[in-house]
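**Q** Got a structure for you, written out below as structure tokens; questions coming shortly.
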Amino acid sequence: MAKIKHNNFLDTVNDVFTAAKKEGVLHLYAEGDSFTGRKIRVKQKDLFHFGTTGYLGLEQDKRLKEAAMDAIYKYGTQFPLSKSYISNPLYRKLEEKVTQLYDAPVIITKNSTLGHLGVIPSVVNDGDAIVLDHQVHWSVQSAANVLKTRSVPIEMIRHSHLDMLEDKIKKLSSKYKKIWYMADGVYSMYGDVAPIGELMQLCDKYPQLHLYLDDVHGMSWAGKHGTGYVLSKLDELPDNVLLFGTLSKTFGASGAVAVCTDKKRYHKIKTFGGPLTFSAQLEPASVAAAIASVDIHLSPEIYMLQNELLERITLFNTLLANTDLPLIEQNNSPVFYIGTGMPVTGYNFVNRLMKEGFFVNLGIFPAVPVKNTGVRITISRHNQAEEIRNLVEAMVYHYPKALEDTHTTPDKVRMAFKLPILNEVPKKKIVEEFHVIYKKTIQHIAKEEWNKLMGKQGAFDWDGLLFLENVFTENERPENNWDFHYIIIKDEKNTPILATFFTYALWKDDMLAPISVSIKLEETRKNTPYYLTSKVLGMGSPFTEGQHMYLDKSHPHWKLAVKQMIDKIEDLEQQFNSNWLVLRDFENDDQLNQLFHQQGFIKTIMPDSCQILDLYWETMDAYPESLSTRSRKHFKKDIKPYEDRFKVVLNDAPNQKQIDRFYELYSNVNKHNLALNMFPLPKKLFTMMSQHPNWEFLTLYLKKAFSEGESDIPVGVMFCYKNMGATYTPAFIGMDYNYTDEHQIYRQLLYQTIKRATELGFKKIDFGMTASFEKKKVGATIIPKVAYIQAKDNFSIELMGVMENH
């Protein structure tokens, strides 16, 4: 399987955002000459605004506006100097008032992103460690990752899993002075909150534990003087908690605030906080507006504003409670999330609500897992009871229609979010005339039919799959026991539109991660072999490579057939409770890319596939002429001169001693090849290969003259499958690394494979993935490949990103 190539994550996000933009739900522009907060004009239509983070509506408060305008007239549009030299005249007053607000020392920052970049590297020392909640805001994760260059360990836990946090504390406590757990007070998508009470209990139990809490979404609407959700749960801020609040969003102005009661730590941040030192300071208008907002927060008025907002939140909660809409988290925060599951359903639902006159936000990857797409609704004081009721009525009407339009059901959405299901009436078939054939063994599918559809490549023709079924069953180790699932979809005339197979197997989570991550994880697996492994329902199998899905795109209903396949495998996924669903080994196809994304998959780049598509030469004497000029030079210099060093033996029935040696050679490559970090294959496989007519062992024996006086020794082996559909498939390789470089073993194995395929009359060689540069030099065509992944959450994906290059 594949590693995510460099920058592939950003490419994936770009694909997701581009699709959402095309659907008209992202990167929009507000219109109009004025803005009141209650409505927002989009696409020449006034919509009730249910997407603001200005929950108290202070951004429209007359006092803040007048203060900002007065500051511009007095001090200008900006104060273009670093705060390290001098602050604008209003800064001292703001700092004093915000200090009074929190009753603790504060540092004002330009915004929370720059604040985190300045504060985290200042407070986390080289002898400390960091543990990230996997849903903590991106700005916190980005700032923490800066510390990789200082070798500060960065771990990650699943969202609010405190048992996992405690395990990390125990693991790190003997090596590091402080352990910083970084989380949000209120999470910006689902509106769920950090378990502050339980976290403080952990702090009491483990004095090394320090908390870094970003509470920008808890600001103003909660807590004494509107100091936020976190402080609403604490009597006072202890020295081992560093808090981030905001002066923007619901505070109504601009900027952010770090609150730190530890005097030494505060002095260090204040004196030199990286971007806090060198970045521009807040504009006079923002400082003045913030001062006006602080005055409101310090007055009894803040509690009146909080109560007015709470009335609206309570109304919305009450109305939602009387519906079947899947509200993901119910509490008193102003952030609500209605799950839609697939992105295409989210697009449909958001556009329906916009047409009804309501502006809402779409929650999409990477803020949430792709399959946990949904509509994010925020309640503010701008919203009136009438439009809140009307919004709920509109959602109740349009939600089932959005599901129907996109061929999904309420229970599928609920299962994606682990909510109780409704036990609904089974969904109708997407197309009544489709016949979905599902089997658990290849023996229940006609050999001629399967081979006609899928039997012309790789080791997954009918005989190859029966062989794999027999190998990967009744084995001692769990990673060597696979379940096979075959799907064929036909139309009303019994004509196949789609055929594929899946395996349910144990994978290493870092199979899709950079090599640097796998190196680190393999160290841990020396003592804990199944650390970060998951059950995966994957197209094809961990053993096979190639085009694992037959699809007749000339058929008018091919897209519906793909959706029918996805429905079936998602049913299996729920049945097995697998962590990942993987569709793999596709060539780049814009139509499939859009379709899979709409159904909740994200694309990742796989290693290139390498094939010789036409062995048109009749003898090997003509083979060099098929190569490019540069490759011919390579052949004459690095391949042909080494051929006489080896005795080439073709063995289709090796004895046990030979099998043991072949397995040793294979194991060498498996351990070295972390670009394909899979579990090692069982020795049983090689024994059964020796008994199967379609497998042969192409072996290189280094001659005695080149092996330091020893007898001819096997130093390389290619395990080859003879697919009678005209493809010769070197499935994997074994080598003795003591001789590899000196004798060009790998290159010689590639050449001898081509030679053998020519002798047998094959017209195509499927060299598989990885080492594409070497394979291209022997004449292989390089074919870019992609996979599509659906994960239950983003934890594994984000964890690999945190660990990369650390």
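**Q** Mind ranking 496-507, 514-525 by how tightly packed they are, going by the mean number of other C-beta atoms within 10 angstrom, highest first?
**A** 496-507, 514-525
**Q** Next question. Can you list residues whose amide H is under 5 Å from Phe679's amide H, if they're 5+ apart or on another chain and H is modeled 1.01 Å from N?
**A** Lys508
**Q** Here is a follow-up. How many percent of the accessible area of the chain is carbon or sulfur, using a 1.4 Å probe?
**A** Using a 1.4 Å probe with all protein chains present, the chain comes out at 50 percent carbon and sulfur.
**Q** Would you calculate, for the chain, the mean residue ellipticity at 222 nm contributed by helices, counting each DSSP H stretch of 4 or more residues as -39,500 (n - 2.57) and dividing by all residues, to the nearest 500?
**A** -11000 deg cm²/dmol
**Q** So how far, in whole Å, is the C-alpha centre of the stretch 447-470 from the one of the stretch 303-325?
**A** 59
**Q** How large is ³J(HN,Hα), in whole Hz, for each residue of the stretch 649-657 in order, when computed from phi with the Karplus curve 6.51 cos²θ - 1.76 cosθ + 1.60 and θ = phi - 60°, using x for Gly and Pro?
**A** Couplings: 10, 9, 10, 10, 8, x, 7, 5, 4 Hz.
**Q** Related question: Straight-line reach from Lys74: which aspartates and glutamates fall under 17 Å, measuring Cα to Cα and dropping same-chain residues less than 8 apart?
**A** In chain and number order, the partners are Glu66, Glu283.
**Q** Could you pull out every residue, at least 5 positions away or on a different chain, whose amide H is within less than 5 Å of the one on Phe732? Hs are placed 1.01 Å off N in the peptide plane, and Pro or chain starts have none.
**A** Here the answer is Phe719, since their amide H atoms fall under 5 Å of that of Phe732.
**Q** Right, next: For the stretch 288-437, how many pairs of lysine residues have a Cα-Cα distance under 15 Å, where the two are 8 or more positions apart or belong to different chains?
**A** 9
**Q** Further question on the same structure: So what's the angle, to the nearest 10 degrees on a 0 to 90 scale, between helix 91-102 and the longest Cα principal axis of the chain?
**A** With both axes taken from Cα atoms, the answer is about 80 degrees.
**Q** In addition: On C-alpha positions alone, give me the angle between the axis of helix 196-205 and the longest principal axis of the chain, in degrees, nearest 10.
**A** 70
**Q** Averaging sequence separations of C-alpha pairs under 8 Å and six or more residues apart, then dividing by the length of the chain, give the relative contact order as a whole percent.
**A** Across the chain, relative contact order equals 14 percent.
**Q** In 10 Å bins starting at zero, report the fraction of Cα pairs in the stretch 482-555 per bin as a rounded %.
**A** P(r) for the stretch 482-555, in whole percents per bin: 17, 34, 26, 14, 7, 1.
**Q** To continue, here is another question. Per residue, how much accessible area does the chain show when a 1.4 Å probe rolls over the protein heavy atoms, in square angstrom?
**A** On a per-residue basis, 42 Å².
**Q** Going by average Cβ neighbours within 10 Å, how do the peptides 38-49, 563-574 rank, with the highest at the top?
**A** 563-574, 38-49
**Q** Same structure, new question: Once the Cα atoms of the chain are picked out, what are the Rg and Dmax in Å?
**A** Values for the chain (Cα only, Rg and Dmax): 30.9, 94 Å.
**Q** While we're on this one: Could the peptides 769-776, 335-342, 444-451 be put in order, highest first, of the mean number of other beta-carbon atoms found within 10 Å of their residues?
**A** 335-342, 769-776, 444-451
**Q** Enumerate the calculated ³J(HN,Hα) couplings along the stretch 237-246 in order (Karplus 6.51 cos²θ - 1.76 cosθ + 1.60, θ = phi - 60°), each rounded to whole Hz, writing x wherever the residue is Gly or Pro.
**A** Along the stretch 237-246, the couplings run 7, x, 5, 8, 10, 10, 10, 10, x, 10 Hz.
**Q** Within straight cross-link reach of Lys493, meaning Cα distance under 20 Å, which aspartates and glutamates are found once same-chain residues fewer than 8 apart are removed?
**A** Glu432, Glu433, Glu448, Glu449, Asp552
**Q** Percent of Cα-Cα pairs more than 21 Å apart in the stretch 647-772, please.
**A** That fraction is 38 percent.
**Q** Right, another one. Mind scanning Lys520/Lys684; Lys447/Lys559; Lys722/Lys755 and naming the pairs with a C-alpha gap bigger than 23 Å?
**A** Lys520/Lys684; Lys447/Lys559
**Q** How far is helix 385-405 tilted, in degrees, relative to the longest principal axis of the Cα atoms in the chain, given as a value from 0 to 90 rounded to the nearest 10?
**A** Around 10 degrees separate the two axes.
**Q** Right, here's the next one. Under unit Cβ charges (Lys, Arg +1; Asp, Glu -1), what dipole magnitude, rounded to 20 debye, does the chain have relative to its Cα centre?
**A** 1300
**Q** Largest first and to the nearest Å, give the Cα extent of the stretch 90-242 along each principal axis.
**A** So the extents along the principal axes, rounded to whole Å, are 45, 31, 29.
**Q** Please compare each pair in Lys508/Lys777; Lys97/Lys270; Lys440/Lys792; Lys508/Lys792 to a cut-off of 20 Å on the Cα-Cα distance and tell me which ones are over it.
**A** Cα-Cα > 20 Å for Lys508/Lys777; Lys440/Lys792; rest within.
**Q** What number comes out for the charge environment of Ala289, summing +1 per Lys or Arg and -1 per Asp or Glu over other residues with Cβ under 12 Å away?
**A** Local charge sum for Ala289: -3.
The values are calculated or read from the model by the stated rules, or taken from the named source; none is laboratory data. This structure is a prediction, so every number in the text was calculated from the model and none was measured. Virtual Cβ from ideal backbone geometry, glycine too; neighbours counted across all protein chains shown. Each accessible area value is taken on the protein alone, full model and side chains, heavy atoms only, with ligands, DNA and RNA left out. Shrake-Rupley method; radii C 1.70, N 1.55, O 1.52, S 1.80 Å.
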